[in-house]
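To keep things clear, I will list the structure first and then write my remarks on it.
Bear in mind these aren't lab numbers, they're just calculated from the coordinates by the rules spelled out. Everything numeric in this text was worked out from a predicted model, so none of it was measured. In this analysis, Cβ positions are derived from the backbone assuming ideal geometry, glycine residues included, and neighbour counts consider all displayed protein chains.
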Protein chains: 2
Amino acid sequence: MKEKTDRILLSHGSGGSLMHDLIRELFVRHFDNPILGKESDSALLQAGSSNIAFTTDSFVVDPIFFPGGDIGKLAVCGTINDLVAAGARPHCLSAGFILEEGFPMQALERIVESMAEVAKLAEVFIATGDTKVVEKGKCDKIFINTSGIGFFSQRDVPLLSKETIGPGDQLIITGFLGDHGMAVMAARNQLEHAISFQSDCAPLNILLEEILNVDSGIKFMRDPTRGGLATTLCEIASGSTFGIKIFEDQIPVRPSVKGLCDIFGFDPLYVANEGKMLIVAKKGREQNILEILKKNPLGKNAAIIGEVTRENKGWVTLVTSIGGTRIVNMLSGEQLPRIC
Amino acid sequence: MKEKTDRILLSHGSGGSLMHDLIRELFVRHFDNPILGKESDSALLQAGSSNIAFTTDSFVVDPIFFPGGDIGKLAVCGTINDLVAAGARPHCLSAGFILEEGFPMQALERIVESMAEVAKLAEVFIATGDTKVVEKGKCDKIFINTSGIGFFSQRDVPLLSKETIGPGDQLIITGFLGDHGMAVMAARNQLEHAISFQSDCAPLNILLEEILNVDSGIKFMRDPTRGGLATTLCEIASGSTFGIKIFEDQIPVRPSVKGLCDIFGFDPLYVANEGKMLIVAKKGREQNILEILKKNPLGKNAAIIGEVTRENKGWVTLVTSIGGTRIVNMLSGEQLPRIC
């Protein structure tokens with residue numbers, strides 16, 4: 001049964017089912033156009049004879065500094081990864097800052113340095129920006145929006161598209177799940193033993209560029225951020241002519257992350273990642289892709305975690321460690337507000 | 001003497017001199033690249049054989065509904081106008097929402113409808129979006145970021161550039177100054193007699209498209225938003241090889257706006273506009289441009305307000321109604337926080 005509400009809830013920003021309802025029933029309905037209607041993380045546009053990818057994300061993560069990153073690094077990586085997921089080569093970003101009056105200049109400088117550093121590493125640049133300041137108490141320290149533009153290489157490889165996915169296709173995740181969510185969770189709760197948690201926040205273009213420059217058999221990609229891998233898989237399967245089956249045993253989760261998830265009652269499948277890509281690969285090409293991924297430190301824990309099936313159309317099923325099968329639903333409600 | 005501060009002040013978001021210092025000394029310094037370094041409202045990028053314009057703006061206006069518009073309409077118009085100022089034809093926008101928990105769904109729908117309506121009018125579409133929700137009290141109702149992409153027509157007209165400006169060039173403003181700032185000010189203070197103030201918030205692409213499609217003699221444009229016309233003119237003159245002279249008598253300001261400015265102690269030259277463009281035209285072409293502008297309701301009060309001079313290099317001077325001359329400086333400090 002659908003929740004109906006006349007007020008915005010935290011769950012509307014969770015990446016889960018309530019957010020999807022809001023997008024469809026409000027934004028897509030009013031902004032009615034075929035490009036937005038695709039509900040991709042990036043829009044594909046035609047600029048003269050070139051295709052370009054265009055994406056946007058606002059970042060409100062709390063705390064703004066966490067092990068492995070900060071709101072600035074996250075903002076740059078998040079938008080880069082949305083472009084990468086579209087199969088594009090990230091070219092440049094915009095940066096829009098909303099600052100709270102009284103925010104320390106030193107913290108802002110640290111964040112900006114961090115953005116500059118990761119942008120340089122990923123070979124993108126900040127092309128344009130904007131700064132707004134609101135009165136003390138009217139926002140929480142700093143919010144950053146990054147929008148990004150990506151280009152497509154001069155290659156004859158077809159654009160990635162959900163429509164090309166079919167039974168037999170293999171699912172690859174580029175590394176451990178849940179690192180970002182648990183690092184932020186640990187930082188937020190000032191857990192003493194949290195020192196061992198690190199966000200996976202990273203730009204993925206360098207990892208994937210080599211693969212995308214050849215016809216590698218990659219059919220589709222999406223970065224499983226808010227709502228985690230489970231929600232991403234549900235988005236792919238929902239309304240489609242195929243099912244998705246994943247194997248619990250094959251899903252890489254660090255024991256420490258699994259442990260913290262158990263303590264808080266989280267399922268790592270729903271925890272946010274900020275440096276992982278889910279890849280849908282053509283059957284027979286998965287081993288080659290895996291091999292290339294594993295050569296890069298950002299992909300060394302990549303794994304094949306499941307496949308696209310003819311059965312259970314529109315659904316995601318999980319084969320558990322003990323051999324049972326259960327349906328995986330989209331995140332409902334809110335798990336970790338302000339995770340990105 | 002330069003103000004130095006270790007905390008963000010409201011003035012850092014004013015559009016004035018403190019914001020310019022922040023941009024140069026923090027953002028441009030760290031994000032070091034020639035495109036950002038130009039400090040245009042839009043970045044010019046090369047996509048294959050096409051030029052594209054890319055811009056971003058976050059909107060935090062308070063109140064979110066005001067006579068003549070709302071935060072949504074403002075967000076769409078503001079970004080369209082930044083693209084228009086670059087001489088580009090706005091193509092599409094992104095929309096990033098930061099919502100406060102508890103924000104009424106009905107108000108969100110009204111804002112989204114308003115965005116959709118003005119986007120349709122301006123013939124742009126919302127290509128991609130993002131929604132974040134923060135806990136009650138962690139932002140003020142709703143903030144919207146719009147980034148935009150514009151294309152350039154298939155024409156041999158040179159790209160607009162500050163570098164082409166020289167002595168003799170004529171300055172045109174497309175209508176009355178200060179309407180937006182005073183409408184927001186009136187709404188904020190719930191002034192009973194405020195009913196007569198209307199924001200000028202409007203997309204300017206339709207007004208300017210006809211002119212930009214021919215080699216009209218337009219050399220440069222900028223929309224005088226935060227910081228007003230005075231700040232925009234100072235940005236143009238600053239560090240250049242020419243001066244700018246404007247004539248108080250020729251600057252169009254509604255008597256009601258002038259009156260409210262007098263009451264609050266504001267100078268209309270510094271008050272924000274959201275539906276006006278400053279045009280720098282080649283000498284001899286200004287009457288033709290003015291004629292075309294005046295045919296459109298959005299340009300019917302356009303006026304030639306000054307010229308580019310060989311004297312007073314780097315400075316803006318105002319010839320007052322009584323024949324005196326004074327220097328016009330960039331806005332310093334904060335006049336109206338959260339005007340856009």
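Position A:Lys120: other-copy label points at 4.9 nm, ordered by increasing distance, label point 7 Å along Cα→C-beta. Residue pairs exceeding 26 angstrom between C-alpha atoms, taken from A:Lys4/A:Lys245; B:Lys120/B:Lys276; A:Lys4/A:Lys132; A:Lys4/A:Lys141; A:Lys120/B:Lys38: A:Lys4/A:Lys245; A:Lys4/A:Lys132; A:Lys4/A:Lys141. Using a simple spin-label model with pseudo-atoms 7 Å out from Cα toward Cβ, A:Gln46 and B:Lys4 lie 5.6 nm apart. Gain on full extension, evaluated as 0.36 nm per residue between A:Glu163 and A:Asp215 minus their Cα-Cα distance, stands at 17.0 nm. Take each residue of peptide B:102-112, count the partner chain Cβ atoms within 10 Å of its Cβ, and average: the result is 4. Copy-to-copy label distances for A:Asn288, where each label lies 7 Å from Cα along Cα-to-Cβ, are 5.9 nm in order of increasing length. Counting only residues at least eight positions apart within a chain, or on another chain, the aspartates and glutamates with an alpha carbon under 16 Å from that of A:Lys258 are A:Asp179, A:Asp200, A:Glu248, A:Asp249, A:Asp267.
For the residues of A:85-98, the average number of beta carbons from a partner chain within 10 Å of their own beta carbon is 4.
Rounded if a/c is under 1.5, else prolate if a/b is larger than b/c, else oblate: which is chain B, with a ≥ b ≥ c the root eigenvalues of its Cα gyration tensor? Rounded, since a/c falls under 1.5.
Convex hull of alpha carbon positions in region B:42-157: directionally averaged projected area 7.7 nm². For the segment A:119-126, counting C-beta atoms of other chains within 10 Å of every residue's C-beta and taking the mean gives 3. Sorted fewest first by neighbouring Cβ atoms within 10 angstrom, B:Asp57, A:Asp223 come out as A:Asp223, B:Asp57. Membrane-span-like helices in chain B, defined purely by DSSP H runs whose alpha carbon atoms cover 20 Å or more axially and whose average Kyte-Doolittle hydropathy reaches 1.0, are B:71-85. Extending 7 Å from the Cα toward the beta-carbon at both B:Gln190 and A:Lys283 defines two label points whose distance is 6.8 nm.
Ranking of A:Glu100, B:Glu39, B:Glu291 by neighbouring Cβ atoms within 10 Å, starting from the fewest: B:Glu291, B:Glu39, A:Glu100. A label point on A:Arg310, set 7 Å along the Cα-to-Cβ line, lies at 8.5 nm from each of its counterparts in the other copies, closest listed first. For A:Leu121 and A:Thr241, the difference between the fully extended length at 0.36 nm per residue and the C-alpha to C-alpha distance is 39.2 nm.
Taking a virtual spin label 7 Å from the Cα of B:Asp262 along the C-beta vector, which residues in region B:173-193 bring their backbone nitrogen under 18 Å of it? Once the point is set 7 Å along Cα→Cβ of B:Asp262, B:177-179, B:182-183, B:186, B:193 turn out to lie under 18 Å by backbone N, inside region B:173-193.
Full extension of the segment from B:Asn329 to B:Glu39, taken as 0.36 nm per residue of separation minus the current Cα-Cα distance, would add 102.6 nm. Going by neighbour counts of Cβ atoms within 10 Å, the residues A:Arg254, A:Arg326 line up, fewest first, as A:Arg326, A:Arg254.
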